[in-house]
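The values are calculated or read from the model by the stated rules, or taken from the named source; none is laboratory data. Computed from a prediction, not measured in an experiment: that's the story for all the values here. No Cβ is skipped: glycine too gets one built from the backbone with ideal geometry, and neighbour counts run over all protein chains shown. The protein model used for the area step is the full one, side chains on, heavy atoms only, and it has no ligands, DNA or RNA in it. Shrake-Rupley method; radii C 1.70, N 1.55, O 1.52, S 1.80 Å.
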Amino acid sequence: MSSSRLALLGGSPTVTERHEAMFHWPIVTAEDEAAVLDVLRRGAMSGTDVTRRFEEEFAAWQGTTYALGHNTGTAALHGAMFGCGIGVGDEIICPSITYWASALQVFSLGATVVFAEVDPHTMCLAPNDIEHRITPRTKAIMVVHYMGHPADMDPIMAIARRHNLKVIEDVSHAQGGYYRGRMLGTFGDVAAMSLMSGKSFAIGEAGILVTNNRTIYERAIAFGHYERYNETIQDPELIPYRGLPLGGYKYRMHQMSAAVGRVQLKYYDERIAEIRRAMNYFWDLLADVPGLQPHRVPPASDSNMAGWYAPHGLYKREELGGLSVTRFAQAVSAEGVPCTPGVNKPLHTHPLLNSADVYGHDRPTRIAFSDRDLRQPPGSLPISEQLGHRTYSIPWFKHYDPAIIEQYAAAYRKVAEHAEELLQDDPGDPPELGGWHFYQPH
Ligand SMILES: *Cc1c(COP(=O)(O)O)cnc(C)c1O
């Protein structure tokens, strides 16, 4: 048994083993290995036969007419933006709390981004902060199902319809998740997502675009898939330029990734269901603990948390005597559970979104094609700017092993229940918490 004294204050830690198997991801078996070796031995790495099979299977799983493989999620989102017709002078509305690849590609299209707030409970685009940001130049809303949590799609789709805007879903954090009984990635005009190794659907460096819209699909092909930009293309505006990619990009998926993708897809739903069972159990164990609030949808609903990518908890410092989340996370880490405060930093505060002149327009790129200064200074998106102080990481369990999960939950409970002992030497939070990205390649 762990002592009741906090490890940070000289007690013994709650978790003393590493439990590597609980966190290892993705799950790779001989079947994945054989699929990769087949591509390698055939010399088919740059082909499209495996990728096309993967696209068919992925589209069937997703329930969309089309799927188009890409070499990264960044590329797939770029293709989705071009697919929607985003071009010079256009604006997209995107949450400020997300990974940069939900937004930055718009600059290469001559367009720009206006950031909106996230809801403090879902950490996804706040439906009530969208409409007043719409201008005649607004073309699309970028929705991110952040850290597995489904965005509130019903009001968002209603706003988009009212204003005739396209909706792009960035499903990089939530492949296979559901909102009100319907799969994420099927609400908007198009969805695109990362399938890179750090995500819950992890197949290498890869991304995929899914849509029911033939024009968007063909435009994405035309943008970055030169050898598929051929006689199969039907759109009269695209036909004259077949043979060369309109974007000047090469976005084809690597077939070793496609091969892994085909195998991973077979087991994915089952594996993320086990993740959800484990993660929900973790939060159920902490239900009565002050200061700690789950970032999740109610477990018995027709929405879910997908593969629970990069899970975090919400922090209520007022319930813990004002203890900073920085000190809280230090104390949890000392208990043997690595814990970091904060989520993605708000994009609107980065100098790239304010002062960088990337392409030599003699103006900041953010407003190079704008009819007004739409930059958003510090203080303009207060919920997003404070989110780092209200969040901390939690373990991302891949297996339902109650005895181990109980130990990890006990570490969070112990720190929260002894919070007042930490107040004395609390250095407080730095002004900014979180990071621009999380992935550490190994
Ligand atoms: C990872 C990620 C991307 C980009 O995907 P890559 O495959 O890394 O290019 C886009 N959006 C979000 C929200 C992501 O987390």
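Whether a residue is assigned to a loop (DSSP other than H, G, I, E, B), more than 27 Å from the chain's Cα centre (by Cα) and either surrounded by 14 or more Cβ atoms within 10 Å (Cβ to Cβ) or free of Cβ contacts under 8 Å to residues at least 24 places away in the same chain (or both) was assessed, and THR14 passes this test. Cβ-Cβ under 6 Å, sequence separation 6+ or interchain: first residue in region 148-177 and open to solvent by 40 Å² or more (accessible area, probe 1.4 Å) and in a helix (DSSP H, G or I), partner away from the ligand (no atom under 16 Å from the Cβ) and not aliphatic (A, V, I, L, M). Which pairs? What qualifies is PRO155/PRO127.
The residues of region 87-118 that are more than 16 Å from the ligand (Cβ to nearest atom) and either touching a residue at least 60 places away in the same chain (Cβ under 8 Å) or open to solvent by less than 10 Å² (accessible area, probe 1.4 Å) (or both), listed by number, are VAL88, GLY89, GLU91, GLY110, ALA111, THR112, VAL114, GLU117. Taking the criterion of being more than 7 Å from the ligand (Cβ to nearest atom) and either open to solvent by 10 Å² or more (accessible area, probe 1.4 Å) or more than 15 Å from the chain's Cα centre (by Cα) (or both), the residues of region 184-197 that qualify are THR186, PHE187, GLY188, ASP189, VAL190, SER197. In region 264-321, of all residues being aliphatic (A, V, I, L, M) and in a loop (DSSP other than H, G, I, E, B), the one that is surrounded by the fewest Cβ atoms within 10 Å (Cβ to Cβ) corresponds to ALA300.
The numbered conditions (1) surrounded by 22 or more Cβ atoms within 10 Å (Cβ to Cβ); (2) away from the ligand (no atom under 16 Å from the Cβ) are all true for ARG214 except (1).
Quick check: anything in region 42-52 within 16 Å of the ligand (Cβ to nearest atom), more than 30 Å from TYR400 (Cα to Cα), touching a helix residue (DSSP H, G or I) at 6+ places or on another chain (Cβ under 6 Å) and in contact (Cβ under 8 Å) with a residue 24 or more places away in the chain? Yes, that holds for at least one residue. In this structure, is PRO427 assigned to a loop (DSSP other than H, G, I, E, B), more than 16 Å from the ligand (Cβ to nearest atom), crowded, with 17+ Cβ neighbours inside 10 Å and touching a residue at least 60 places away in the same chain (Cβ under 8 Å)? When the stated conditions are applied, PRO427 does not pass them.
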